[in-house]
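Enquirer: Here it is: the structure, laid out below.
The values are calculated or read from the model by the stated rules, or taken from the named source; none is laboratory data. From a predicted model like this one, the values you see are computed outputs, not experimental measurements. We place every Cβ from the backbone using ideal geometry, glycine too, and count neighbours over all the protein chains shown. Just so you know, the surface numbers come from the protein's heavy atoms only, side chains and all, with ligands and any DNA or RNA stripped out. Shrake-Rupley method; radii C 1.70, N 1.55, O 1.52, S 1.80 Å.
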Amino acid sequence: MPASLPETDRRHRASAAFSLSFLSLVFSITAFSSSYWCEGTRKVAKPFCTGESKGDLCIRFNSPDANNSQAVQYIWETGDDKFVERKFHAGIWYSCEEMINEEGEKCRSFISLTPASDRGVLWLSIVAELLYVILLLTGNILMSVEMCYYSSVIDGLKINAFSAVVTVLAGLLGMVAHMMYTTVFQMTVNLGPEDWRPHTWDYGWSYCLAWASFACCMAAAVTTINKYTKTILEFKHKRKKLERSLKIKYKFPDHTAPEKACNVYVNSFQNTTEDPTHAIRGLRHLATISVL
């Protein structure tokens, strides 16, 4: 028998919620493991040129050709010309900056750069990020179980409700973790080591990815809650419709008989995977059950 429109709609909602939750999980893991939450430049003094090194990234003042016109010109240069801008990027775990006159980057632990007064907040942010990833993974597992296998419709609704709660909690933890890291980074910019403080900086792609993960997480939670609520409301509507049909068609002497018949009908779905919101058929059979 082809699936009804409400059932098809619920399957589409479940697929959409799972896709959003899975996307949020991928984004969060990528952002958490990267070091591009913030990017910028640092102003560092130009080193003296050694050996055959030449160019604009070092000072030839102490070189043998000190009487050269370029070396003499350097003496009269402004202070800004004595410095070079070096790019850097920082994340939760590491802060890396490019090396002058050399290939590659030099990385340091971001935790060691954080002021001692704010280090506890950074650890709280890390713990919250880990819990955020764990709860997202739990929500994905529950949603996949709901989509692929469950023993009965009632169990499916329970899994749906639990996955919605887990996803909402994950979103709240993610929001708190991102905000705490933002606060810690700004404090590190103002109070961090002199040899690290950036001259200019802005948020990087990892930071944007982390907030995109939060947005997908909350969208998945809303979709899951909407699916659960809609299923319950449809079921209640079908039940009331069934009660009215039984009262009109069979005129039970006991005014509670239609409700008892509906309860029998509801209980019959405890061990079946049939959708309880499908169109109700076999009212004569339910009436016989209620009379018995």
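Enquirer: Filter the range 91-144 for residues that are under 23 Å from the mean Cα position of the chain (by Cα) and in a strand (DSSP E or B) and give the result.
Expert: Tyr94, Ser95
Enquirer: Something else about it: Of the residues Ser53, Ser63, Ser35, which is modelled with pLDDT under 85, open to solvent by less than 30 Å² (accessible area, probe 1.4 Å) and outside any strand (DSSP E or B)?
Expert: None of the other options fit; the residue is Ser63.
Enquirer: Picking from Thr167, Thr223, Thr229, Thr188, which residue would you name as being buried (at least 16 other Cβ atoms within 10 Å of the Cβ), β-branched (Val, Ile, Thr), over 25 Å from Lys43 (Cα atoms) and out of contact with any Gly (no Cβ under 6 Å at 6 or more places or on another chain)?
Expert: Thr223
Enquirer: Looking at the structure I just gave you, is Gly174 open to solvent by less than 40 Å² (accessible area, probe 1.4 Å), under 17 Å from Ser21 (Cβ atoms) and modelled with pLDDT of 90 or more?
Expert: Yes, satisfied.
Enquirer: May I ask you to verify whether Met180 is in a helix (DSSP H, G or I), among the aliphatic types (A, V, I, L, M), open to solvent by 70 Å² or more (accessible area, probe 1.4 Å) and at negative phi?
Expert: Working: in a helix (DSSP H, G or I): yes; among the aliphatic types (A, V, I, L, M): yes; open to solvent by 70 Å² or more (accessible area, probe 1.4 Å): no; at negative phi: yes.
Against the criterion (in a helix (DSSP H, G or I), among the aliphatic types (A, V, I, L, M), open to solvent by 70 Å² or more (accessible area, probe 1.4 Å) and at negative phi), Met180 does not qualify.
Enquirer: May I ask you to list pairs of residues, at least six apart or on different chains, whose Cβ atoms are under 7 Å apart, with the first in the range 176-191 being free of Cβ contacts under 8 Å to residues at least 60 places away in the same chain and the second being open to solvent by 70 Å² or more (accessible area, probe 1.4 Å) and part of a helix (DSSP H, G or I)?
Expert: From residues that are free of Cβ contacts under 8 Å to residues at least 60 places away in the same chain, the pairs are His178/Trp211; Met180/Leu124.
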